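Asks: My questions will all concern the structure given below.
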Amino acid sequence: MIFSSQIFLFWFLPWVLLLLWAAPRAIRNPLLTICSYVFYGWTNPVFVLLMFASTLVDYWCGLAIVSGAELSSDEKRLQLSQGGGRSLRQRIALWTSIIVNLSVLGFFKYWNFGLDVWQELLTQLGEGAAVSPGVLRVTLPLGISFYTFQSMSYCIDVYRGTARATRSLWDFACFVSLFPQLVAGPILRYRDLSEQLRERQVSSLMLACGGAFFSLGLARKVLLANPAGEAADLVFAAGQPGFAAAWLGSVFFAMQIYFDFSGYSDMARGLGLMLGFRFPANFNAPYRAQSLTDFWRRWHISLSGWLRDYLYFPLGGSRSGTARTCLNLILVMLLGGLWHGAAWNFLLWGAVHGVLLTAERLVGVTATVEQNDGRKTVWLQRLIRQASVFAVVCLTWVLFRSESTVQMRTLLGAMTGVDRAGPAADILCAVLLQPWNLLVLSVGACVIWLSPSTERFVQRLTVVRALWMVLLLLLSVSMLSLQSRNPFIYFLF
C-alpha cells in the first residue's frame, strides 16, 4: 500500500484515524501496531512474519543487555555510557542483534545480486549457464533497509547507554512497524520516540499541521515527481539523446527523486502528527548546498546521521589522521551506496561521492560561504557554488538511475559532449520542452531554490495557507486518477 493511492486515502487512513482517536489510551499502541501490520502486509502478508521475527529478536536482545538492573536506572545507563559494566552476555546480545539484522538484510537484498555476479563470472570463464534457472530467487520485502536499521539501532543505543530498554513488547513493535515511516523512512531512533510511545496527545494544531505536511508532500509527489519521472524516462531510454536532452533528463530525474522522497517524508511527518508523533526532518533544501559535504548534511538526513553515528564514528571518524579519515569517508559512502540497492551502479555512485567528499576535505573546501562576511560578491560565490554542486549531483544521479552500463555510458557521454547526438535528438528535445514539462520544470525550480521549506511554511500556517493546502490536496487527488505511473523510488531500498 502506498500513500498516493485511492485505497489508502479514502479507506485505510480515515478508518485508522477514527479507530485510534476513539480508542482508550491503553490499547492505542497495540491497535496502531496491528494497523501498521495490515498496511505493510497488504500486498504480501508473509513479510509481516519476517518483520515480527526481527522485532522479537531485538526486543529480547535489548532486555538481555540491561538484565540484572532496573530498566529505568539512570546509574546503569551512565555506567554503560562510560564504557563499563559490559558483560559477556551483554556483548553476545548486542552482536546477536547486529548479526541477525545484517544477515536478514544481506540475504533478501543481495542474494539475487550474488547469483547474477556468480553467473557472470562463470560465463566469462567459459562455464556457460552454471547457475540453474531453478535456483531460488528471493523477493525483496518493502522497506527492509529502513526497519532493520531502525530496529538494530535500538539495541546499539541500549548497549551504549543512550537509550532505555523497554519491557513493553507492544511499544517496541509499534516503534518498528509505525506505518507512516515504515517502508521509506525517515529512519527513527527509539530514544526520540520512547516518551511519545508511552504518552501522546493529538491537538487541533497538530491535526492542522499534519494535514498541511501531508498535502504538501502529496502535491510534491503527484504534481511534480510523477511527471518529472515520465520526462526523465524518455531520456534514459533514448539511444543517442544529445547534450541538451541528456542534461534535461538528468535534471528531470534530480527533481523526480527529490520530490518523490521528500514528498514521502513530508507525508510521513504529517501522518505522524495526526497520530501524535513528531518525526524529525529528513530533508533541508539539499539542492541549495554549496558543497557535497553540505549536500549530505541536507539530503536524507536520517540515513546520513545513522551512517555517521553507527559506522563513521566507530571506524574512527576524523580522529585518526588524514589518511584514515579519507578511508573512512570512502568506506562509509561505499556502504551507503550499497544500502540503496544491490547493483554495481549503486556501488559506483557511493564510491564517486566518497572520493569527491574526500577531495573536498583534502583541498579544504568549506561547507558554505558565510552570508555576513562583509563582501559584496558573496551572493555570486554562493550562486556559483550551488550551481556547481547541483551540476555534479546531476552527473552522479546518472550513475544512480542507469539500469545498465550501456545506458550509463550513453548518458554521461552525451552530458560531457563526448558522444554526438542521434538523428532523433531534436525530436526528443521538442518533447521534453512541451508546455506541460516546462511548467513542471519551472514550478519545480521555484520550489527547490526560491520557496521556504515545508517546515517553515507549516510553522506559519494561516487561514489563507490552509486553504491553499486544501486546494493542493484536491488537485493532487484529482490528478491521481489521470496518472498511470505512480511509483515510490525508495520503496525498494
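The values are calculated or read from the model by the stated rules, or taken from the named source; none is laboratory data. This structure is a prediction, so every number in the text was calculated from the model and none was measured. Every residue, glycine as well, gets a Cβ built from its backbone with ideal geometry; the counts of neighbours run over all protein chains shown.
Asks: Go over the candidates D171, D192 one by one and state the one that is outside the structural domain of D419 (by TED's automatic domain parsing) and under 21 Å from the mean Cα position of the chain (by Cα).
Replies: When all the criteria are applied, what remains is D192.
Asks: Of all residues in segment 429-459, count the ones that are within 30 Å of R278 (Cβ to Cβ) and out of contact with any helix residue (DSSP H, G or I) (no Cβ under 6 Å at 6 or more places or on another chain).
Replies: Our first condition is that a residue be within 30 Å of R278 (Cβ to Cβ); within segment 429-459, this holds for 443-444, 446-459.
Remaining after also requiring out of contact with any helix residue (DSSP H, G or I) (no Cβ under 6 Å at 6 or more places or on another chain): 443, 446-447, 449-453, 455-457, 459.
Adding up the residues that qualify gives 12.
One line per residue, one yes/no per condition, for (1) within 26 Å of A184 (Cα to Cα); (2) surrounded by fewer than 13 Cβ atoms within 10 Å (Cβ to Cβ); (3) modelled with pLDDT under 80:
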{"position": "L78", "(1), (2), (3)": "no, yes, yes"}
{"position": "G85", "(1), (2), (3)": "no, no, yes"}
{"position": "L102", "(1), (2), (3)": "yes, no, no"}
{"position": "N112", "(1), (2), (3)": "yes, no, no"}
{"position": "L122", "(1), (2), (3)": "no, no, yes"}
{"position": "G126", "(1), (2), (3)": "no, yes, yes"}
{"position": "P133", "(1), (2), (3)": "no, yes, yes"}
{"position": "V138", "(1), (2), (3)": "yes, yes, no"}
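Asks: Further question on the same structure: Taking segment 269-291 only, how many residues are surrounded by 21 or more Cβ atoms within 10 Å (Cβ to Cβ) and over 18 Å from W449 (Cβ atoms)?
Replies: Summing the residues that are surrounded by 21 or more Cβ atoms within 10 Å (Cβ to Cβ) and over 18 Å from W449 (Cβ atoms) in segment 269-291 gives 10.
Asks: Hey, W296 hits all of (1) at positive phi; (2) surrounded by 20 or more Cβ atoms within 10 Å (Cβ to Cβ); (3) not aliphatic (A, V, I, L, M) but one; which does it fall short on?
Replies: It is condition (1) that W296 fails.
Asks: Next question. Scan segment 401-418 for residues that are in contact with a Leu (Cβ under 9 Å, 6 or more places away or on another chain) and not aliphatic (A, V, I, L, M) and jot them down.
Replies: R401, S402, T416
Asks: If you take the residues in segment 150-176 that are closer than 30 Å to S4 by Cβ, in contact with a Phe, Trp or Tyr (Cβ under 6 Å, 6 or more places away or on another chain) and touching a residue at least 40 places away in the same chain (Cβ under 8 Å), which one is surrounded by the fewest Cβ atoms within 10 Å (Cβ to Cβ)?
Replies: My answer is V176.
Asks: Name the single residue that is nearest to T96 (Cα to Cα) among those in segment 1-60 being of a type in the set (G, A, S) and surrounded by fewer than 15 Cβ atoms within 10 Å (Cβ to Cβ).
Replies: Here the residue is A53.
Asks: Let me ask something else. In segment 91-208, which helices (runs of 4 or more DSSP H) lie fully inside it and hold 2 or more residues that are under 24 Å from F346 (Cα atoms)?
Replies: Because the criterion is at least 2 residues that are under 24 Å from F346 (Cα atoms), the helices (runs of 4 or more DSSP H) in segment 91-208 that meet it are 144-160.
Asks: In addition: Do we have P241 as touching a helix residue (DSSP H, G or I) at 6+ places or on another chain (Cβ under 9 Å), buried (at least 24 other Cβ atoms within 10 Å of the Cβ), assigned by TED's automatic domain parsing to the domain that holds G217 and in a loop (DSSP other than H, G, I, E, B) here?
Replies: Answer is yes for this residue.
Asks: Could you please let me know if V251 is touching a helix residue (DSSP H, G or I) at 6+ places or on another chain (Cβ under 9 Å) and either at pLDDT 95 or above or in the same structural domain as L102 (by TED's automatic domain parsing) (or both)?
Replies: Values: touching a helix residue (DSSP H, G or I) at 6+ places or on another chain (Cβ under 9 Å): yes; either at pLDDT 95 or above or in the same structural domain as L102 (by TED's automatic domain parsing) (or both): yes.
Criteria met by V251.
The rows are residues; the columns are (1) farther than 30 Å from C209 by Cβ; (2) not aromatic (F, W, Y).
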{"position": "R401", "(1), (2)": "yes, yes"}
{"position": "V418", "(1), (2)": "yes, yes"}
{"position": "G422", "(1), (2)": "yes, yes"}
{"position": "D426", "(1), (2)": "yes, yes"}
{"position": "C446", "(1), (2)": "no, yes"}
{"position": "F457", "(1), (2)": "no, no"}
{"position": "R460", "(1), (2)": "no, yes"}
{"position": "V463", "(1), (2)": "no, yes"}
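Asks: Could you list, in sequence order, all residues of segment 310-324 that are among the hydroxyl-bearing types (S, T, Y) and either free of Cβ contacts under 8 Å to residues at least 60 places away in the same chain or in contact with an Asp or Glu (Cβ under 7 Å, 6 or more places away or on another chain) (or both)?
Replies: Once the filter is applied, which keeps residues that are among the hydroxyl-bearing types (S, T, Y) and either free of Cβ contacts under 8 Å to residues at least 60 places away in the same chain or in contact with an Asp or Glu (Cβ under 7 Å, 6 or more places away or on another chain) (or both), segment 310-324 yields Y312, S318, S320, T322.
Asks: State the number of residues belonging to segment 177-187 that are within 19 Å of L311 (Cβ to Cβ) and either crowded, with 24+ Cβ neighbours inside 10 Å or of a type in the set (F, W, Y) (or both).
Replies: Total satisfying the criteria: 2.
Asks: Taking the conditions exactly as written (crowded, with 24+ Cβ neighbours inside 10 Å and charged (D, E, K, R)), does D266 satisfy them or not?
Replies: Values: crowded, with 24+ Cβ neighbours inside 10 Å: yes; charged (D, E, K, R): yes.
When the stated conditions are applied, D266 passes them.
Asks: Additional query: Tell me whether segment 226-236 contains one or more residues that are surrounded by fewer than 24 Cβ atoms within 10 Å (Cβ to Cβ) and not in a helix (DSSP H, G or I).
Replies: no
Asks: Does R456 qualify as being in contact with a Pro (Cβ under 9 Å, 6 or more places away or on another chain) and within 28 Å of P280 (Cα to Cα)?
Replies: no
Asks: Looking only at segment 318-327, count every residue that is surrounded by 15 or more Cβ atoms within 10 Å (Cβ to Cβ) and either of a type in the set (G, A, S) or out of contact with any helix residue (DSSP H, G or I) (no Cβ under 6 Å at 6 or more places or on another chain) (or both) and tell me the total. Spell out how you get there, then give the answer.
Replies: We begin by selecting, within segment 318-327, every residue surrounded by 15 or more Cβ atoms within 10 Å (Cβ to Cβ); these are 325-327.
Restricting the remaining residues to those that are either of a type in the set (G, A, S) or out of contact with any helix residue (DSSP H, G or I) (no Cβ under 6 Å at 6 or more places or on another chain) (or both) gives 325, 327.
Residues flagged as surrounded by 15 or more Cβ atoms within 10 Å (Cβ to Cβ) and either of a type in the set (G, A, S) or out of contact with any helix residue (DSSP H, G or I) (no Cβ under 6 Å at 6 or more places or on another chain) (or both) within segment 318-327 amount to 2.
Asks: Could you grab the pairs with beta carbons closer than 8 Å, sequence gap of 6+ or different chains, first residue in segment 293-308 and in contact (Cβ under 8 Å) with a residue 40 or more places away in the chain, second one polar (S, T, N, Q) and surrounded by fewer than 21 Cβ atoms within 10 Å (Cβ to Cβ)?
Replies: Partner pairs satisfying both residue conditions: D294/T368; W296/S304; R297/N284; R297/S304; I301/N284.
Asks: Just one of R319, R278, R324, R288 is of a type in the set (K, R) and within 30 Å of R28 (Cα to Cα); which is it? Spell out how you get there, then give the answer.
Replies: Details: R319 fails: within 30 Å of R28 (Cα to Cα); R324 fails: within 30 Å of R28 (Cα to Cα); R288 fails: within 30 Å of R28 (Cα to Cα).
Residue meeting the stated conditions: R278.
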